[in-house]
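Colleague: Just passing along the structure, written as C-alpha cells.
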Amino acid sequence: MTDSAPPSSSISAERQTDRTAPTGRLFVVSGPSGAGKSSVVAGLRQRRPLYFSVSATTREARPGETHGVHYWFLQPDEFAALLETGDLLEWAEYNGRQYGTLRKPVVDRISSGEDVVLEIEVQGARQVRATHPEAVMFFIVPPGLDELEGRLRRRGDTSEADIRRRLEIARREMEEAEVLFDHVVVNDVLERAIEEVDTLMG
C-alpha cells in the first residue's frame, strides 16, 4: 500500500452513538461501468454539502489517481484484513478486483448530522439495502447499451474482452435496478441527470 493506511476501528466503538444528536442521511449512487456515476456524484458535491466516502480497492491506481483521494489503494491481504475485522460497510468484487466502503468514516459522519454519498458497485448496494434500508439509492444508466459500449470504447483503456464483460454485467444490473433501487436516472445529458438526482434527494 502506498502513502498512509485508511482509518479503521472496531464495530462496537462505532455503534456507541449519541441518539439525541442530529442524524445525516445515506445516499447510494450506483450504475454500470461507463454510465457516468462518478460525474453525477462530482456534480452533486458542487451543489450541496455531501461527505464523499472514499472506497478501498485492490486494483492498481490509474494515471492521475491519488491514494486516499480517489481510492484507498490496498494490497489483497490488506483488504482481506478489513473484511476479517468487520471494518467494511459493504464490499464487492468487480472484474477481478475488490472494492469496499470503510465503515467508520460513514458511521461517524452520519452520526454527526452530515449527509453521506457512496459511489459503489451493485453488489455493495445490495448489502447497503439489507443493512441500511433507510438509504436512498440511485441507479445511473446510459440511454442504452449501444451508447454504453461507445463510452467504454472512447475511454481507450479497455480491452475488447473487458468491454464484452462490462456490457454483460451492465445488462444484468439494469434488469435488477427497478427492484433494488429507489430511483433509476438516465444519464443522457449529464447536467440534466445531476439536476434530477439533486431534486430527488430533497
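Every number here is computed from the coordinates shown, using simple stated rules; none is lab data. From a predicted model like this one, the values you see are computed outputs, not experimental measurements. Glycine also receives a Cβ, built like all others from the backbone with ideal geometry; neighbour counts cover every protein chain displayed.
Colleague: Placing +1 at every Lys and Arg Cβ and -1 at every Asp and Glu Cβ, with all other atoms neutral, what dipole size does the chain have around its Cα centre, in debye to the nearest 20?
Modeller: For this selection, approximately 160 debye.
Colleague: Then there's this: Given a Förster distance of 45 angstrom, what is the FRET efficiency for residue 42 paired with residue 84, based on the Cβ-Cβ distance and rounded to 0.05?
Modeller: The value I calculate is 0.85.
Colleague: For region 32-85, which trypsin sites (Lys or Arg not before Pro) pass both filters: DSSP loop (anything but H, G, I, E, B) and at most 15 other C-beta atoms within 10 Å?
Modeller: Within region 32-85, the qualifying trypsin sites (Lys or Arg not before Pro) (loop, at most 15 other Cβ atoms within 10 Å) are 59.
Colleague: Right, here's the next one. Calculated from DSSP H runs of 4 or more alone, at -39500 (n - 2.57) each and per residue, what is the 222 nm mean residue ellipticity of the chain, nearest 500?
Modeller: Helix contribution divided over all residues of the chain: -13000 deg cm²/dmol.
Colleague: Where both residues lie in the chain, what percent of DSSP beta bridges are antiparallel, nearest 5?
Modeller: Given both bridge residues lie in the chain, the antiparallel proportion sits at roughly 35 percent.
Colleague: Does region 136-197 classify as rounded, prolate or oblate by the C-alpha gyration tensor (a ≥ b ≥ c root eigenvalues; a/c under 1.5 gives rounded; else a/b over b/c gives prolate, otherwise oblate)?
Modeller: oblate
Colleague: Something else about it: How far apart, in nm, are the 7 Å Cα→Cβ label points at residue 25 and residue 190?
Modeller: My value for the distance between the label points is 2.4 nm.
Colleague: Towards the positive end of the charge dipole of the chain, with charges on Cβ (+1 Lys, Arg; -1 Asp, Glu), say which of 57, 35, 112 has the farthest Cα.
Modeller: Of 57, 35, 112, it is 112.
Colleague: For mean projected area of the Cα convex hull in nm², several values are listed as [x] 12.7; [y] 11.4; [z] 41.0; flag the one computed from this structure.
Modeller: Among [x] 12.7; [y] 11.4; [z] 41.0, the one derived from this structure is [y].
Colleague: Taking a label point 7 Å from the Cα of residue 182 along the Cα→Cβ vector, which residues of region 123-144 have an amide N closer than 18 Å to it?
Modeller: 124-141
Colleague: Rounded to the nearest 0.05, what FRET efficiency do residue 157 and residue 200 give with R0 = 25 Å and r taken as the Cβ-Cβ distance? Could you check?
Modeller: That pair, residue 157 with residue 200, gives E of 0.20.
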